[in-house]
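Here the structure comes first, spelled out in structure tokens, and everything after it is commentary.
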Amino acid sequence: MTKLPLRLMVVLGVLLVLPVVALAQAADPAPTEPVIPAQPDAPTRPDVAPPPVVAPVADPPSADDGQDIASDSDVLDTPKEKKQKKAGKITYKPGHWVKFHLGHHTALRFRLLLQPMLRFSQAFALPGGAPAPDATVDMIIRRARVGFQADLKSDVSFRFEMSIKNMHFEIHNMFAAWQPTKHLELQFGFIKAPGGLERDTFSFDQPFIERSVMTFYNYDHEVGVQALGSSSDDHVFWGAAIVRNPPPLIGGDPEDSPQIPSGVEAEDITRASSKWNASGRLGYTPGDAFEISVGAGTRLRLDEPDYGEIAVEPYDSTFLTNRPYRGVMWRVTGDLAISQPHWKATAEGGYRRDGKQLAYPDGTVASEMTLDGHLSSESASVVFGFTPDGEYGPAIDSAPLLKGWELVTRVQGARIKPVDQGAATLAMVELGAHWQVNPQVRLQTDFALEKFGKNDNTVLNENKGATRLWAQVWAVFRL
């Protein structure tokens, strides 16, 4: 046999070995390093290290918060893609606003609240042995509200809310707002001007279904502009507003309406150019556990008179009819609140003085006369609550119960002294048991005892010198 050349034998050996190696690798199940295909056009240089081998990245699980499912991971999205994906998302915290994200920096908020009530009342111990009136029972919707808020570009929003109060329909909020910075907001429209701890706390977070005697110091809502702000650390907060009285709203009982002398035109009450109101509040809160603030307000009635308000709170029990005045009304208030793990306490008080009091002896504008003096008022309200297993919210919000149950009590009193009679007084103590079933449902039962003064003067004088007992069961339902 002819011997093959050495070089030819090496080539034949390589050709025989390669198929065997390939078959062995195909049969081996062990993972192998990924192969990066060579770039045919890339020049090779012996002095340059090859690029590192990068293993393929598996797709991470898609984000799912229970409200929408993203088709891709947010980790791989650009900021623009994230904003586009947020459109159509619905976010909701039970008991708060439902928010529909519409895209293009726009969202629509919605809320729905209901406050039904069953109330019993009985007056007794009337002065002079007069027979007590019959007991009364009210089963009504004390409050209900439907609210909408649109959030637009450039931190602009507007809100519109409708309410039911004591079965009467009314517009509640209707204003536009702009938040140029995180710590400043401007509002214009039908607003609630700064009025103190109780007035600035959400109605459905109040410890009792009725506000206190401090409501005599403020209007519920007015038309105007206000600024709300805070310091960079949120420890100092403030608010200021310039407003005008709104037109008369539908609702309310006739006997609770102010008495207006004959001959007064509607423009004298709602459209007089000289009537302006202003109010402000300045406070300090180092955290959720404590809040303290002072407030002030004034009403200018230099030309057309103000026909005053009746003293009607709480429980819609009138104890003094309105007293007209001309000049400047001013008031000062102060409040503080403490929120602890198992107890809370709030206190608020104030002083009010109207302009020169007017009188209309024969009930007509032609008989107007100016009395020598001013109506003045002092009022105060103190609330204390205890919970063995619950949790209270921030003091700046009047420390509402967030969960569990509590016993809560309120003591309040008012003295209003007009020029033409002795001081009308009201003293009241309340006790309630409150159960926050969940963030959407609140149940409460209250008992109250109030004492009216001997000078209390109303249209029917139904409360003059009387003692009245109240008992009620009510609830709050939130979407």
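Throughout, read-outs are computed from the coordinates displayed, never taken from laboratory work. Model, not experiment: these values are computed from the prediction. All Cβ positions, glycine included, derive from the backbone under ideal geometry; neighbour counts span all protein chains shown.
How big is the range 82-478 by the Kirkwood estimate over distinct Cα pairs, in Å?
In the range 82-478 this quantity evaluates to 22.6 Å.
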- [ ] Binning at 10 Å from 0, report for the range 218-354 what percent of all alpha-carbon pair distances ends up in each bin.
- [x] 10, 32, 33, 18, 7, 1
TODO: Could you point to the residue in S212, A471, F110 farthest towards the positive end of the range 82-478's charge dipole, with +1 and -1 charges on the Cβ of Lys/Arg and Asp/Glu respectively?
DONE: F110
Open item on the list: Show me the chymotrypsin sites (Phe, Trp or Tyr not before Pro) within the range 269-369 that DSSP assigns to loop and that have at most 12 other Cβ atoms within 10 Å of their Cβ.
Closed with: none
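Take the Cα atoms of the range 133-272, build their convex hull, and give its volume per residue in Å³. Can you show the working numbers first?
Values: hull volume 21.4 nm³, N = 140.
Taking only Cα atoms, the range 133-272 has a hull volume of 153 Å³ per residue.
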